[in-house]
Amino acid sequence: MSPPDATPVPSPLDGLFDGRGFDHDAAAGTSTNPAGERVTFATPSFLRGLHHVLQAEKSGAWPATFKQCGVVTGRQVAVGLDAEFARRGQPALGALPLETSLLFIENYFASHGWGLLKLDLADAAEHGLVTAHLQHGYFAEAFGDAAEFVDPLLAGVIQGFFEHVSGVELGCDEIACVRRGAPECIFVVTAAERLATVAPLLGRATAAEIIARLKA
């Protein structure tokens with residue numbers, strides 16, 4: 001079943017995420033995105049091989065390395081969007097309502113094939129907690145036989161994007177994964193020190209239990 005359409009990005013910036021503009025040059029063996037940056041596409045077999053090498057090199061290398069890569073990527077995505085907004089005479093992400101800013105990261109996920117991301121701000125004002133729900137996640141499908149949570153890169157992207165928008169250092173952890181039987185992958189964004197208090201529960205408690213502990 002195909003995922004439902006992602007929430008549309010407000011005009012006049014919808015062209016940033018319309019899925020068009022990639023240029024493939026077979027003769028040169030290159031592909032570039034609408035910003036003119038050269039891109040490559042990682043297949044599931046490539047990612048599984050990379051995962052195997054990193055884990056064989058050092059236990060825990062995969063989540064630590066890819067989480068940090070994700071944080072850097074999330075910040076760069078936000079910086080790139082701000083530069084595009086400035087070029088178009090539009091306000092920066094930090095000057096927009098948070099709900100509007102988050103539409104861009106949701107659409108970024110969808111346009112890059114990472115899955116259908118929906119961010120929930122219901123607990124943001126009272127508890128300083130944002131929940132992210134991911135369906136059809138690419139890494140969860142690529143690592144069909146993995147026992148551990150497999151989305152550290154995506155958790156990092158969400159964290160880096162939020163840090164840029166808020167101007168505050170944050171943390172983001174995956175607290176449920178479809179590879180562990182959950183109906184969807186779930187992430188929480190809050191202060192890193194708060195996440196540290198529930199770290200022993202990851203993979204052992206349900207997402208609802210972990211969120212309840214963070215809100216207590």
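The values are calculated or read from the model by the stated rules, or taken from the named source; none is laboratory data. Fair warning: this is a prediction, and the values are worked out from it, not measured in the lab. All Cβ positions, glycine included, derive from the backbone under ideal geometry; neighbour counts span all protein chains shown.
Observations on the model:
- Inside the stretch 138-196, residues that are under 30 Å from Pro91 (Cα atoms) and of a type in the set (Ser, Thr, Tyr) make up a count of 2.
- Residue check, Pro63 within 30 Å of Leu98 (Cβ to Cβ) and either at pLDDT below 85 or touching a Gly at 6+ places or on another chain (Cβ under 6 Å) (or both): no
- One residue stands out among those in the stretch 118-138 that are in contact with a Phe, Trp or Tyr (Cβ under 9 Å, 6 or more places away or on another chain) and within 17 Å of Ala192 (Cα to Cα): the one that is surrounded by the fewest Cβ atoms within 10 Å (Cβ to Cβ), which is Thr131.
- Hey, Gly115 touching a residue at least 40 places away in the same chain (Cβ under 8 Å) and either surrounded by fewer than 14 Cβ atoms within 10 Å (Cβ to Cβ) or out of contact with any strand residue (DSSP E or B) (no Cβ under 7 Å at 6 or more places or on another chain) (or both) or not: no
- Filter result for Leu98 (within 17 Å of His164 (Cα to Cα), at pLDDT 95 or above and among the aliphatic types (A, V, I, L, M)): no
- Within the set Glu209, Glu141, the sole residue that is at pLDDT below 95, of a type outside the set (Gly, Ala, Ser), surrounded by fewer than 16 Cβ atoms within 10 Å (Cβ to Cβ) and assigned to a helix (DSSP H, G or I) turns out to be Glu141.
- Test: residue in the stretch 17-27 that is among the charged types (D, E, K, R), modelled with pLDDT under 90 and in a strand (DSSP E or B): yes
- Candidate set from the stretch 166-190 (those that are farther than 22 Å from Phe66 by Cβ and of a type in the set (Gly, Ala, Ser)); member that is surrounded by the most Cβ atoms within 10 Å (Cβ to Cβ): Ser166
- Verdict on Pro10 being closer than 23 Å to Gly160 by Cα, surrounded by 11 or more Cβ atoms within 10 Å (Cβ to Cβ) and modelled with pLDDT of 85 or more: no
Every residue, every condition in (1) over 17 Å from Val168 (Cα atoms); (2) assigned to a helix (DSSP H, G or I), yes or no:
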{"residue": "Pro91", "(1), (2)": "yes, no"}
{"residue": "Gly94", "(1), (2)": "no, yes"}
{"residue": "Thr100", "(1), (2)": "yes, yes"}
{"residue": "Phe104", "(1), (2)": "yes, yes"}
{"residue": "Tyr108", "(1), (2)": "yes, yes"}
{"residue": "Leu119", "(1), (2)": "yes, no"}
{"residue": "Ala122", "(1), (2)": "yes, no"}
{"residue": "Glu126", "(1), (2)": "yes, yes"}
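- Failed item, numbered, when Gly156 is tested on (1) buried (at least 18 other Cβ atoms within 10 Å of the Cβ); (2) without any contact (Cβ under 8 Å) to a residue 12 or more places away in the chain: (2)
- Some residue of the stretch 159-168 being part of a helix (DSSP H, G or I), in contact (Cβ under 8 Å) with a residue 60 or more places away in the chain and of a type in the set (Asp, Glu): yes
- Selected residue (criterion: nearest to Leu50 (Cα to Cα)) from residues of the stretch 128-138 that are touching a Gly at 6+ places or on another chain (Cβ under 8 Å) and not in a helix (DSSP H, G or I): Gly137
- Flag for Ser2 being of a type in the set (Gly, Ala, Ser), modelled with pLDDT of 80 or more, assigned to a loop (DSSP other than H, G, I, E, B) and more than 22 Å from Thr73 (Cα to Cα): no
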